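This report refers to the structure that appears directly beneath it.
The values are calculated or read from the model by the stated rules, or taken from the named source; none is laboratory data. This structure is a prediction, so every number in the text was calculated from the model and none was measured. Cβ atoms come from the backbone with ideal geometry, glycine included; neighbour counts cover every protein chain shown. Keep in mind that these areas ignore ligands, DNA and RNA; they rest on the heavy atoms of the full protein, side chains included. Shrake-Rupley method; radii C 1.70, N 1.55, O 1.52, S 1.80 Å.
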Amino acid sequence: MKLLIKFRKSIMLFCKLVLVVAVVFAFIGCWQSHYEEAVYEYRGNYLVIFAYAVLFFVFAHLYSAFKIGAVRIHEAIYSMFLSLALTNFIMYMVLCLIARQLLPPGPLVFTTALQVALTVAGVLAANSIYFSLYRVRRILAIFGTEMADWDIIQKMCRIKERYVIDKGVSINQGMDAVKAAIDKYEAVLIGDLEKSEKNEVLRYTYATRKRIYLLPSVNDIIINNCYQSHIFDTPVLICRNGGLSTEQQLVKRAMDIIISLFLLLAASPLMLVSALLIKLCDGGPVFYTQNRVTQNGRIFNIYKFRSMVVDADKKGAARTMQGDKRITRVGRILRPARIDELPQLFNVLKGDMSLVGPRPERTENVHAYTEGYPEFNLRHRVKAGLTGYAQIYGKYNTSPLDKLNMDLIYIEGYSVLLDVKLLIMTLKILFMRESSEAFAPAPPSRPARDLSPAREEDAPGRAEG
């Protein structure tokens, strides 16, 4: 077993290669047997096979389908399914173009089902192999006074197959006590500490060769996106801090106009049906407008299909909670599928928003969040977006600090390629229920020394957008 552990990365790579080969050979069998009209006589076939393999690999990589062991098993399977569906759809169109006729889709649909079955079995087997090769690490949590520390500890405790946090130590106990505790563990979670304390803990943990899980600050994210240079023999980190270039702004705006027009055209039948259902439900207005904040703090009216009762906010702005009775019957259909967000494509055309960017917050929320986190306004350096980094990797009920950090990761690492990647990844989260979890009533407070996993009833609930 020790020998296998030494080669565990190679073993997991082999498992992933087997999955790819099985998927590609299933496609080849279907193509050669049922689509003879699209088969070349010789070398052209190799190009088709290569294109299929590359497409599947790109989608699987984008949707993290190959991160077996690092993501939850149902997410890996869902990612594999989505990668296969998109790859086979594109290749079906390619085969139709090669054959110069519309081919019957049935054989490829059946092959997709077979491929899904193969990948489910493969992912389950690879996941089992992963956890037999990678043992669970015992982690020491070093925390300060911030609630964010307790939040990440709770989340890690819920993933028992990957993390075991069996002790927590407060930085208030003194640096000597913290260092003595670090010596007994193989991994350390460093929370949101004061800068001098974090630096000392980080240096000691690095020197003692422990694995480090670090809760980043805004400064950490800014520095992480700097590039290295040298002034003679002195290394220097440079943060450009100039925002999007003129060329990037022009390309981004062109993408917004072209893609939003296409999406509006494609979604128009669905939007018309949704508008009709909303009107028939209670006779109220179809659309709902709300003040949101975009680039440079500018306030604009965001458009949405109304999914709540009329005057839902007559008692003041309120978050949507689990089982919120203000949501209409039609709203319970529109909201999980994000159909209520489609009118925001008009905001994109107007220039209030971009397709990709930090999600625009209500003015009330911005004021409240900025009081607690003055850096929150940094996310307004770019135009608000219909989708964004925080929407892909977070949830509706993600904390303001985590949203800020994820939005800054996007802003500091912006590229046109990143926008394209996030747009493609948005397809994945549209049907992931947990990505739209609503705020649940706050659980009873617990002492910081209690590191037991959160109970199921403490977990956040469902839906607002």
Rounding to the nearest 20 debye, state how big the charge dipole of the chain is about its Cα centre with +1 on each Lys and Arg Cβ and -1 on each Asp and Glu Cβ. 600 debye
Setting aside same-chain residues fewer than 8 positions from Lys184, which lysines have a Cα under 29 Å from its Cα? Lys2, Lys6, Lys9, Lys155, Lys160, Lys167, Lys195, Lys198, Lys210
Sorted by chain and number, the residues with a modelled amide H under 5 Å from that of Val164, at a separation of 5 or more or across chains, are Arg137, Ile139
Packing-wise, with mean Cβ within 10 Å as the measure, how do 115-126, 250-261 rank, highest first? 115-126, 250-261
Estimated FRET transfer efficiency (Arg100, Leu264; beta-carbon r; R0 51 Å; 0.05): 0.95
Using a 1.4 angstrom probe on the protein heavy atoms only, could you order Asp311, Asp151, Asp166 from most to least accessible area? Asp311, Asp166, Asp151
Restricting things to alpha carbons, find the Rg to Rh ratio for region 6-90 using the Kirkwood radius for Rh. 1.04
Using 0.36 nm times the number of residues separating Ser64 and Tyr40, minus their current alpha carbon distance, what extension gain do you get? 5.3 nm
So what J values fall out for region 366-376 if you push phi through Karplus, 6.51 cos²θ - 1.76 cosθ + 1.60 with θ = phi - 60°, rounded to Hz, Gly and Pro as x? 4, 4, 5, 5, 5, 5, x, 10, x, 6, 4
By accessible area of protein heavy atoms, probe 1.4 Å, what ranking do Asp340, Asp192 get, highest first? Asp192, Asp340
Order 401-410, 170-179 from most to least packed using the mean count of other Cβ atoms within 10 Å. 401-410, 170-179
Using the Cα atoms of region 1-158, I'd like the radius of gyration and the largest Cα-Cα distance, Dmax, both in angstrom. 20.2, 70
Accessible solvent surface per residue of region 1-139, calculated while the other protein chains remain in place, 1.4 angstrom probe, Å²: 57 Å²
With a/c under 1.5 counting as rounded, go ahead and sort region 333-411 into rounded, prolate or oblate using the C-alpha gyration tensor (a ≥ b ≥ c being the square roots of the eigenvalues; past the cut-off, prolate if a/b is larger than b/c, else oblate). prolate
State, as an integer percentage, the relative contact order of region 86-243 based on alpha-carbon contacts under 8 Å between residues 6 or more apart. 16 percent
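Dividing the Cα convex hull volume of region 78-128 by residue count, how many Å³ per residue is that?
Enclosed volume per residue, from the Cα hull, is 62 Å³.
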Using 0.36 nm per residue, how much length does the chain from Ile11 to Arg211 gain when fully extended, once their Cα-Cα distance is taken away? 69.8 nm
Where both residues lie in the chain, what percent of DSSP beta bridges are antiparallel, nearest 5? 40 percent
Show me, for region 381-390, the HN-Hα J-couplings you get by feeding each phi into the Karplus relation (A = 6.51, B = -1.76, C = 1.60, θ = phi - 60°), rounded to Hz, glycine and proline as x. 6, 10, 5, 4, x, 5, 9, x, 4, 5
Give me Rg/Rg_expected for the chain, where Rg uses Cα atoms only and Rg_expected = 2.2 N^0.38 Å with N residues. 1.10
How big is region 118-231 by Rg and Dmax over its Cα atoms, in Å? 16.9, 55
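Which whole-number percentage describes the relative contact order of the chain, with Cα contacts under 8 Å and a sequence gap of 6 or more? Please report the intermediate quantities before stating the final value.
On the way: 612 pairs, mean separation 58.2, N = 465.
Dividing the mean separation by the residue count of the chain yields 13 percent.
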